[in-house]
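Novice: For reference, the structure I am asking about is given below.
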Amino acid sequence: MFIKVVKIQERRINDEKFHYLVEITLNTNHITFLSENYEMKKRLSEGKINLGLRNDTGFTTIKLSTGKEITVVGDTSIIESKIQKTTKKILRG
């Protein structure tokens with residue numbers, strides 16, 4: 001099952017970090033765990049990253065079965081809700 005999420009990408013140019021947003025489609029069968037990313041929230045509220053998001057925006061780190069971790073926009077309850085909605089659609093047929 002697939003969900004759409006907004007991933008935070010990081011790019012380095014001359015030892016300076018730049019962040020930008022990319023919409024991706026994620027296979028929920030490959031998610032091993034979700035955790036709140038307080039560091040990104042802190043960096044956003046301190047103005048260290050400029051993504052055009054409100055200061056109260058939450059972030060979630062998603063660990064995939066490959067071992068890779070990605071950070072997406074939205075707190076864990078939002079991501080969990082997206083996963084559950086996808087599962088419910090399939091169960092209903």
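Novice: For D75, list long-range residues whose amide hydrogen, built 1.01 Å from N in the peptide plane, is under 5 Å from its own amide hydrogen.
Specialist: Those qualifying (amide H under 5 Å, at least 5 residues apart or on another chain) are G58.
Novice: A further question follows. Once both labels are modelled 7 Å past Cα along the beta-carbon direction, what's the I70-T25 spacing in nm?
Specialist: Modelled inter-label distance: 1.2 nm.
Novice: Compute the acute angle (0 to 90°) between the alpha-carbon long axis of helix 76-92 and the principal axis of greatest extent of the alpha-carbon atoms of the chain; round to the nearest 10°.
Specialist: Approximately 20 degrees, to the nearest 10.
Novice: Percent of accessible area on the chain owned by carbon and sulfur, 1.4 Å probe? Provide the component values of the computation, followed by the final result.
Specialist: On the way: 3030 of 6410 Å².
It is 47 percent, rounded to a whole number.
Novice: Still on this structure, I have one more. In the structure displayed, which of K4/K48; K7/K85; K17/K82; K42/K85; K48/K85 lie more than 23 Å apart, Cα to Cα? Can you show the working numbers first?
Specialist: Values: K4/K48 26 Å; K7/K85 20 Å; K17/K82 30 Å; K42/K85 29 Å; K48/K85 34 Å.
K4/K48; K17/K82; K42/K85; K48/K85, as the Cα separations exceed 23 Å there.
The values are calculated or read from the model by the stated rules, or taken from the named source; none is laboratory data. Note that the coordinates shown come from a computational prediction; the quantities given were computed from them, not determined experimentally. We place every Cβ from the backbone using ideal geometry, glycine too, and count neighbours over all the protein chains shown. Accessible surface is based on the protein model in full, side chains and every heavy atom, while ligands, DNA and RNA are left aside. Shrake-Rupley method; radii C 1.70, N 1.55, O 1.52, S 1.80 Å.
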